[in-house]
Amino acid sequence: METAMLGLMAVGVLIAFVYVQVRLPVHAATRAQATATRLLLAATGVGLGLIGAWMYQGVGGIVPWLAFLVGFGVAHVPAAFILFIKRERGEYR
């Protein structure tokens, strides 16, 4: 996978990250639940990001921090999809 493609993937998954961070407080019942969910997503994202950076270390000129960003953002894609569906269905508190 070349660096440009990885960069495009990073942009896409970071859009999902921003969407989740903006929409999460609307769907969480309490502020504590929103904070706990954010911490869980951040921990999962850091873990996936570290694995991505480790796997692509020294592979074909791929920058490890770019692989980290993709891994971090990938953790937020399922949450973004769920929050988008809830928004479309009108499920607000």
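The values are calculated or read from the model by the stated rules, or taken from the named source; none is laboratory data. All figures in this text were calculated on a predicted structure; none of them were measured in a lab. Don't worry about glycine lacking a Cβ; one is built from the backbone with ideal geometry, like all the others, and counts go over all protein chains shown. Each accessible area value is taken on the protein alone, full model and side chains, heavy atoms only, with ligands, DNA and RNA left out. Shrake-Rupley method; radii C 1.70, N 1.55, O 1.52, S 1.80 Å.
Entry comment: accessible area of the range 26-93 is 66 Å² per residue, from protein heavy atoms only and a probe of 1.4 Å. Dipole of the chain computed with +1 at Lys/Arg Cβ and -1 at Asp/Glu Cβ about the Cα centre; of 45, 67, 8, farthest Cα towards the positive end is 45.
In terms of overall dimensions, the chain has a Cα radius of gyration and Dmax of 14.7, 48 angstrom.
Divide by every residue of the chain the summed helix terms, -39500 (n - 2.57) for each DSSP H run of at least 4, and state the resulting mean residue ellipticity at 222 nm, rounded to the nearest 500 deg cm²/dmol. Mind showing how you got there, number by number?
Numbers: 4 runs with 74 residues, N = 93.
Rounded to the nearest 500, it is -27000 deg cm²/dmol.
Taking a span of 24 Å or more along the helix axis (Cα atoms) and a mean Kyte-Doolittle hydropathy of at least 0.5 as the rule, the DSSP H helices of the chain that qualify are 3-27, 31-55. Split the accessible area of the chain by element, probe 1.4 Å, and carbon with sulfur accounts for 72%. Normalised by the number of residues in the chain, the mean separation of alpha-carbon contacts (under 8 Å, six or more apart) gives a relative contact order of 41 percent.
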